[in-house]
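Peer 1: Here you go, one structure.
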Amino acid sequence: MSNKFRLSTGGQINRTERISFKFNGKIFFGFKGDTLASALLANGVHLVGRSFKYHRPRGIFSSGAEETNALVQIINGKNKNDPNLRATQIEIFEGFNAESQNCWPTVNFDLGAINNLFSPIIPAGFYYKTFMWPANLWGKYEHFIRRAAGLGKSPTENDPDIYDHKYYHCDVLIVGAGPAGLSAANVAIKAGKKVLLVDERHHFGGDLSFAEEEITKINDLKPLDWIKKTYSELQNNKNIMILNRTSVAAYHNYNYLIMMQNLSDHLSEKEKKGKIRQRLWKVRAKKVILATGSIERPMVFDCNDRPGIMLSSAVRKYINYYGVKCGNNVVIFTNNDDAYETAISLHNRGVKIQAIVDIREQSNGTLPKKCNELGIKILWKNTIVYTEGYKKINKVHVMRLSNDNSSIIGNKLKIKCDLLCVSGGYTPAVHLFTQSGGKLIYNEEKYYFHPKSTSLNQISVGSCNGIFNLKKIIEETQTKTNEFLNLNHNEQLNITESKSGDFENIWLLPSDKVSGKTKPFVDYQNDTTANDIKLALREGYKSIEHVKRYTTTGMATDQGKIGNMHALGIVSKITNTKMGELGTTTFRPPYSPLTFGAIVGRNVKQFFDIVRKTPIHTWHEKHGAKFEDVGQWKRAWYYPNKNESMYEAVQRESKAARNDSGILDASTLGKIDIQGTDASEFLNRVYTNAWSKLAIGKCRYGLMLNDDGMVYDDGVTTRLGENHYIMTTTTGGAASVMNKLEDFLQTEWPELKVYLTSVTDHFATVSVCGPHSKKILEKVVKNVDFSDQNFPHMSFKEGLVDNIKCRVMRISFTGELSYEINIQSNYGQATWKKCMDAGKEFKITPYGTEAMHLLRAEKGFIIAGQETDGTITPIDLQMDWIISKKKYDFIGKRSLYRSDTMRENRKHLVGLLTDDPKEILEEGAQIVEEVKNKPPMDMLGHVTSSYYSPNLNKSIALAVIKNGKKLKGKKLFVPMPDKTIEVTVSDSVFLDKEGNRLNA
Amino acid sequence: MFIIKCPYCGDRDHSEFSYGGEAHIVRPKQPTELSDDQWAEYLFMRKNIKGLQYERWNHAHGCRRWFNMGRDTSNDKIHSVYKMGEKPEK
């Protein structure tokens, strides 16, 4: 197709570089420098999407980040589809391919548009009200509602692009490089400080870059020439960094800002290769200057959403910056003088202006006068009441406003057109200002909110501060920036611009129809009309935050950049509340949507989280281990032989550990080295049992509680010397136990002379168990007398593996005769291999965490975090023996005597045996006394651990059950979806109650 | 997103610190002599003030020391930072 709407000259596009691209399957062409929107408009394409709810045809509305209609989906293979991008921001490149969203089968013929016919019966709140009942049908509704909700398609494969994160510190950050931002930067660089200037667009100069040359001059330069000169002067200064295509997403407290820089989305596939796609900047700025500009408002009248209805400033940008006329027969609808500049630009480039419809009585500005001289028809004190044209506007209906602007009078005038420019004045872009905690004030005369006060080191300059006159913007920016940075660098500029007339505002324009018959859109993307807002108010929603959520106005991807002020204005008018009192809805980050890729950066796959591996890890890998994540650790889970299932492997490993010998990598257990003259007293205070009398060289199991009396962690602690202990913690609890102990030492017991060091990573721990373990240890560890007299259960010796010192603890988590060798980490794997070699004749079998869990369950040993869940006391675990009655205090002691913890019918840890010994219970399954036909049933507790025991040849389980202590021998039930399992409450120790195996 | 001046290390990013709840709640020296209510008061009751609140913070990814901080919870303005055992400036 030809660029029939492209002017033969003018604009900032590169006419020597022709680009072909695809939209909705059709091939078009544009030029380097075009956005998708400008290129489509050059080809006469306005209709680019369908609205969310009613599927009404929608066209390109704006020229920037505020775009509400022209959302497109980039098509680029299964891994690079990119939904919800604004056509007004995407820069095209050779081979670019995009599609419309929210339409089926095509944007021109969309079956969903049937919703538009039903629109009178699907107003705000329709879904809430209609799909409430009957409740059991929700499953059916949900399927259809979910399918209708959401815009665009997400990619189905991994994103192949590279994303980056960067931290940056600067003295001054200037957001926005329009006339205010450039002027501020001009002053700031004089201070010799580190300045960062960013703009979301690819070009600089803001709206000044497409101002009508004939009207505006700075120092006798055309606007674009002044921008280019200023920019190149800035760029030559080494103190400043300037970034384009960089949008500030969030402005947090203490001047911490998050911004996303687009580095290669505008490049062709070939140029993109190997380049970073987007970079997320995390900026901490000493001072921030906000020069974020302003956003033009539409007008709210019946059918103000048709393709071909556009913001007046956008139309000016397309013709002046891109050399594209958006129509041939134009009507302009305005309440201010700015739209007249658009009229002059269009007129000067040969576009016919049918009429300017102005709601004001008159204007004393210079531009309307000039339009008059050019012979453009101006209809003062008139309003548009309706538009015609389904897929493109073709007519407007104009009527005269009554004196008080509350109604319309006289006859209807119909004007043919193919483009309607609307201009409802400008709203300062205060999004970032309010995100940072700044307070706004409402200007009753000019109808906008602007910054009032902030507690941060920050100023707002230019039109985001409510200043719209170029001379004033530049002068005030210079003054304010000088003041802000303690400088005195004013530059006198000679600015020629037009004098502006008054501005008049009507939030909702009167209509000749009753309001139920009109569609005056406020939020285009979410299809919220003024009538929906009225309905919400009638139904009793008063808070603006509630109105917003009920009508969904301002909740689309554009976050109400265009329509929010009208929503507020309409609520204010109907409820007769002053705008200032009404306040705005909360502006939340991000200002413009961010990609997930940019948020995540390089923290993907193996870099997503820290992975901790034991020194023996590579051996496990080589021997086919499957791994389990325990906190950040990778622990060997089980070691399947060829074709072995997990169940089979775990059964085999568990049997071998008891019958021959087993070996486990226990390096991940937390280890805390405790030293100091008060170390024993410290342990007395943190564990429930007594420690003072533990002899040097002995080990003891300890249970640690929280001060609320609930079990927190457990482990074996060994006394290495008079004032020296080594504590072990659970793998997952290591860091938090260390933190908790440090906290108590530093804050509650600063008088104790105790020093803690985390040594988890310093030692590798090889645990060898089974009847032959002693013989294996004797072969591996030298200088130790392993006789039971010299080295009994729960004691420790120092020995040598070759010439390397090691600590050997005779402790057991499996119930078997068992030793743990602790050795400097880097000798861990060698020690492991030595044990494997030495154990060969005893059929030594490596076992993983799953077999370990099974073995300890046979013995009824708890795992903190599996049998306990923060609601279980030691008494609930039937571990009363571990609570010292003699100690005056320990963490959690007082709470064991609270009425609730002393309650009789608490849940207690018990064993469960299934009546059918082959039946294995599901962990987490609920236990009941009486089975009913359907839930709810009275639940007594749940299964915490469950295994098939190969050593007992039956299924065993641990469970916490209400009043379990008293239920031994009782028959209970575990109802499952397909059957009910009968169980009998038993002792929680299933194997070797006497502990004979420890001395095998 | 604030910057905290650790009394041992100086200004550091918020992300280096962990929060430890309300400050100046002393663990009773003789818990066994307290009634259930008194113990519960120590164990569970916290003020959660909107405005100036004294809090415990830990420079977890730094010197690992605990300290106290006066922070306005409504705007995250930090009024004072002081060591354990010290009193806040009035």
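Peer 1: Can you tell which of A:LEU419, A:LEU413, A:LEU401 is open to solvent by 30 Å² or more (accessible area, probe 1.4 Å) and farther than 30 Å from A:SER247 by Cα?
Peer 2: Exactly one residue qualifies, and that residue is A:LEU413.
Peer 1: Hey, could you check the range A:87-99 for residues that are of a type in the set (A, V, I, L, M) and not in a strand (DSSP E or B) and say which is surrounded by the fewest Cβ atoms within 10 Å (Cβ to Cβ)? Give the steps one after another, and end with the answer.
Peer 2: Going through the range A:87-99, the residues of a type in the set (A, V, I, L, M) turn out to be A:87, A:90, A:92, A:98.
Right, trim to not in a strand (DSSP E or B) and you get A:87, A:90, A:92.
Details: A:ALA87: 27, A:ILE90: 23, A:ILE92: 28.
Going through the qualifying residues, I end up with A:ILE90.
Peer 1: List pairs: first in the range A:974-1000 and closer than 25 Å to A:LEU877 by Cβ, second part of a helix (DSSP H, G or I) and at pLDDT 95 or above, Cβ under 8 Å, 6+ apart or cross-chain?
Peer 2: Once the first residue is closer than 25 Å to A:LEU877 by Cβ and sits in the range A:974-1000, its partners that are part of a helix (DSSP H, G or I) and at pLDDT 95 or above give A:VAL985/A:GLY964; A:PHE990/A:ALA857; A:PHE990/A:GLU858; A:LEU991/A:GLU858; A:ARG997/A:ARG658.
Peer 1: Let me ask something else. For the range A:888-920, which positions are away from chain B (no Cβ under 14 Å), open to solvent by less than 20 Å² (accessible area, probe 1.4 Å) and closer than 30 Å to A:TYR687 by Cβ? Talk me through it step by step, then tell me what you get.
Peer 2: Within the range A:888-920, the subset away from chain B (no Cβ under 14 Å) is A:904-920.
Among the residues that remain, those that are also open to solvent by less than 20 Å² (accessible area, probe 1.4 Å) are: A:906, A:908-912, A:914.
If the condition is that a residue be away from chain B (no Cβ under 14 Å), open to solvent by less than 20 Å² (accessible area, probe 1.4 Å) and closer than 30 Å to A:TYR687 by Cβ, then A:ARG906, A:HIS908, A:LEU909, A:VAL910, A:GLY911, A:LEU912 are the ones that fit.
Peer 1: Determine whether the range A:290-301 contains at least one residue that is under 24 Å from A:CYS170 (Cβ atoms), part of a strand (DSSP E or B) and out of contact with any Lys or Arg (no Cβ under 6 Å at 6 or more places or on another chain).
Peer 2: Filtering the range A:290-301 down to residues under 24 Å from A:CYS170 (Cβ atoms) leaves A:290-293.
Next, from what is left, pick out any that are part of a strand (DSSP E or B): A:290.
This time we only want the ones that are out of contact with any Lys or Arg (no Cβ under 6 Å at 6 or more places or on another chain), so: A:290.
Yes, the range A:290-301 has at least one match.
Peer 1: Condition first: in contact with a strand residue (DSSP E or B) (Cβ under 7 Å, 6 or more places away or on another chain) and basic (Lys, Arg). Now tell me which residues in the range A:712-764 satisfy that.
Peer 2: Residue satisfying the conditions is A:ARG719 alone.
Peer 1: Residue by residue through the range B:1-12, note down the ones that are more than 8 Å from chain A (Cβ to nearest Cβ), closer than 26 Å to A:TYR168 by Cβ and not aliphatic (A, V, I, L, M).
Peer 2: Keep residues of the range B:1-12 that are more than 8 Å from chain A (Cβ to nearest Cβ), which gives B:4-12.
The next check asks that each one be closer than 26 Å to A:TYR168 by Cβ; those that pass are B:4-6, B:9-12.
B:LYS5, B:CYS6, B:CYS9, B:GLY10, B:ASP11, B:ARG12, listed by residue number.
Peer 1: Of everything in the range A:689-709, what is open to solvent by less than 20 Å² (accessible area, probe 1.4 Å), assigned to a loop (DSSP other than H, G, I, E, B) and within 14 Å of chain B (Cβ to nearest Cβ)? Give them in sequence order.
Peer 2: Answer for the range A:689-709, where residues must be open to solvent by less than 20 Å² (accessible area, probe 1.4 Å), assigned to a loop (DSSP other than H, G, I, E, B) and within 14 Å of chain B (Cβ to nearest Cβ): A:ASP707, A:GLY709.
Peer 1: Across the range B:81-90, which residue is farthest from the other protein chains (Cβ to nearest Cβ) among those that are more than 30 Å from A:LEU896 (Cα to Cα) and at pLDDT below 95?
Peer 2: B:LYS90
Peer 1: Name the one entry in A:ASN69, A:ASN84, A:ASN102 that is touching a strand residue (DSSP E or B) at 6+ places or on another chain (Cβ under 7 Å), assigned to a strand (DSSP E or B) and closer than 24 Å to A:ILE295 by Cβ. Let's see the steps before the verdict.
Peer 2: On the way: A:ASN69 fails: assigned to a strand (DSSP E or B); A:ASN102 fails: assigned to a strand (DSSP E or B).
On inspection, the qualifying residue turns out to be A:ASN84.
Peer 1: So in the range B:13-26, with the set limited to residues that are facing another protein chain (nearest Cβ under 10 Å) and more than 21 Å from A:SER736 (Cβ to Cβ), which one is least open to solvent (accessible area, probe 1.4 Å)?
Peer 2: Top of the filtered list is B:ASP13.
Peer 1: Being surrounded by fewer than 24 Cβ atoms within 10 Å (Cβ to Cβ) and under 37 Å from the mean Cα position of the chain (by Cα) is the filter here; which residues of the range A:314-336 pass it?
Peer 2: Within the range A:314-336, just A:TYR321 meets the criteria.
Peer 1: May I ask you to list pairs of residues, at least six apart or on different chains, whose Cβ atoms are under 7 Å apart, with the first in the range A:188-207 being of a type in the set (Lys, Arg) and the second being not in a loop (DSSP other than H, G, I, E, B)?
Peer 2: Here the result reads A:LYS193/A:ASP171; A:LYS193/A:VAL172; A:LYS194/A:CYS170; A:LYS194/A:ASP171, each pair linking the range A:188-207 to a residue that is not in a loop (DSSP other than H, G, I, E, B).
Peer 1: Among the listed residues A:VAL928, A:VAL943, which satisfies the condition of being in contact with a Gly (Cβ under 8 Å, 6 or more places away or on another chain), open to solvent by less than 40 Å² (accessible area, probe 1.4 Å) and free of Cβ contacts under 8 Å to residues at least 60 places away in the same chain?
Peer 2: None of the others qualify; the one that does is A:VAL943.
Peer 1: Considering (1) touching a His at 6+ places or on another chain (Cβ under 8 Å); (2) surrounded by fewer than 15 Cβ atoms within 10 Å (Cβ to Cβ); (3) among the basic types (Lys, Arg), say which one B:LYS29 fails and leave the rest.
Peer 2: (1)
Peer 1: Picking from A:HIS266, A:HIS252, which residue would you name as being under 22 Å from A:ALA598 (Cβ atoms) and open to solvent by 40 Å² or more (accessible area, probe 1.4 Å)? I'd like the intermediate steps shown before the answer.
Peer 2: Values: A:HIS266 fails: open to solvent by 40 Å² or more (accessible area, probe 1.4 Å).
Answer to the selection: A:HIS252.
Peer 1: From the list A:GLY721, A:GLY732, which one is of a type in the set (Gly, Ala, Ser), touching a residue at least 12 places away in the same chain (Cβ under 8 Å) and open to solvent by less than 30 Å² (accessible area, probe 1.4 Å)?
Peer 2: Working: A:GLY732 fails: open to solvent by less than 30 Å² (accessible area, probe 1.4 Å).
After applying the criteria, what remains is A:GLY721.
Peer 1: Among the residues of the range B:27-64, what is the count of those that are away from chain A (no Cβ under 11 Å) and among the small types (Gly, Ala, Ser)?
Peer 2: Within the range B:27-64, residues that are away from chain A (no Cβ under 11 Å) and among the small types (Gly, Ala, Ser) number 2.
Peer 1: Okay, next question. Scan the range A:428-477 residue by residue and report those that are within 14 Å of chain B (Cβ to nearest Cβ), open to solvent by less than 20 Å² (accessible area, probe 1.4 Å) and touching a Pro at 6+ places or on another chain (Cβ under 7 Å).
Peer 2: A:GLY438, the sole residue that qualifies.
To keep it simple, each residue is scored yes or no on (1) assigned to a strand (DSSP E or B); (2) surrounded by 22 or more Cβ atoms within 10 Å (Cβ to Cβ).
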| site | (1), (2) |
| --- | --- |
| A:ASN3 | no, no |
| A:GLN12 | no, no |
| A:GLU17 | yes, no |
| A:GLY30 | yes, yes |
| A:SER38 | no, yes |
| A:ARG58 | yes, yes |
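Peer 1: Just one of A:LYS834, A:LYS775 is surrounded by 18 or more Cβ atoms within 10 Å (Cβ to Cβ), of a type in the set (D, E, K, R) and either in a helix (DSSP H, G or I) or within 14 Å of chain B (Cβ to nearest Cβ) (or both); which is it? Walk me through how you get there before you give the answer.
Peer 2: Working: A:LYS775 fails: surrounded by 18 or more Cβ atoms within 10 Å (Cβ to Cβ).
After ruling out the rest, the residue left standing is A:LYS834.
Peer 1: When the range A:482-528 is examined, which residues are found to be aliphatic (A, V, I, L, M) and part of a helix (DSSP H, G or I)? Quick ask: steps written out before the conclusion?
Peer 2: Start the filter on the range A:482-528 by keeping residues that are aliphatic (A, V, I, L, M), which leaves A:485, A:487, A:493, A:495, A:506, A:508-509, A:514, A:522.
Selection gives A:LEU485 alone.
Peer 1: With respect to the numbered conditions (1) within 14 Å of chain B (Cβ to nearest Cβ); (2) within 20 Å of A:ILE862 (Cβ to Cβ); (3) not polar (S, T, N, Q), which one is the sole condition not fulfilled by A:ARG685?
Peer 2: Condition not satisfied by A:ARG685: (2).
Peer 1: While we're looking at this one, here's another question. Name the one entry in A:VAL283, A:VAL357 that is in a strand (DSSP E or B), buried (at least 24 other Cβ atoms within 10 Å of the Cβ) and in contact with a Phe, Trp or Tyr (Cβ under 6 Å, 6 or more places away or on another chain). Working first, answer last.
Peer 2: On the way: A:VAL283 fails: buried (at least 24 other Cβ atoms within 10 Å of the Cβ).
Just one listed residue meets the conditions, A:VAL357.
Peer 1: Give me the residue from the range A:363-379 that is under 18 Å from A:LYS499 (Cβ atoms), in contact with an Asp or Glu (Cβ under 9 Å, 6 or more places away or on another chain) and not in a helix (DSSP H, G or I) and, out of that set, most open to solvent (accessible area, probe 1.4 Å).
Peer 2: A:ASN364
Peer 1: Output the residue which, of all residues in the range A:743-772 that are open to solvent by 30 Å² or more (accessible area, probe 1.4 Å) and in a strand (DSSP E or B), is farthest from the other protein chains (Cβ to nearest Cβ).
Peer 2: A:PHE763
Peer 1: When you check A:GLU923 against the structure, is it at pLDDT 95 or above, part of a strand (DSSP E or B), farther than 30 Å from B:LYS29 by Cα and away from chain B (no Cβ under 14 Å), yes or no? Give the steps one after another, and end with the answer.
Peer 2: On the way: at pLDDT 95 or above: yes; part of a strand (DSSP E or B): no; farther than 30 Å from B:LYS29 by Cα: yes; away from chain B (no Cβ under 14 Å): yes.
No: the conditions fail for A:GLU923.
Peer 1: Here is a follow-up. Considering each of A:THR871, A:THR849 in turn, give the residue that is open to solvent by 20 Å² or more (accessible area, probe 1.4 Å) and β-branched (Val, Ile, Thr).
Peer 2: Details: A:THR849 fails: open to solvent by 20 Å² or more (accessible area, probe 1.4 Å).
The match here is A:THR871.
The values are calculated or read from the model by the stated rules, or taken from the named source; none is laboratory data. The shown structure was predicted, so the numbers you read here are calculated from the model rather than taken from an experiment. Please note: Cβ atoms are built from the backbone with ideal geometry, for glycine as well, and neighbour counts cover all protein chains shown. Surface areas here come from the heavy atoms of the whole protein model, side chains and all, with no ligands, DNA or RNA. Shrake-Rupley method; radii C 1.70, N 1.55, O 1.52, S 1.80 Å.
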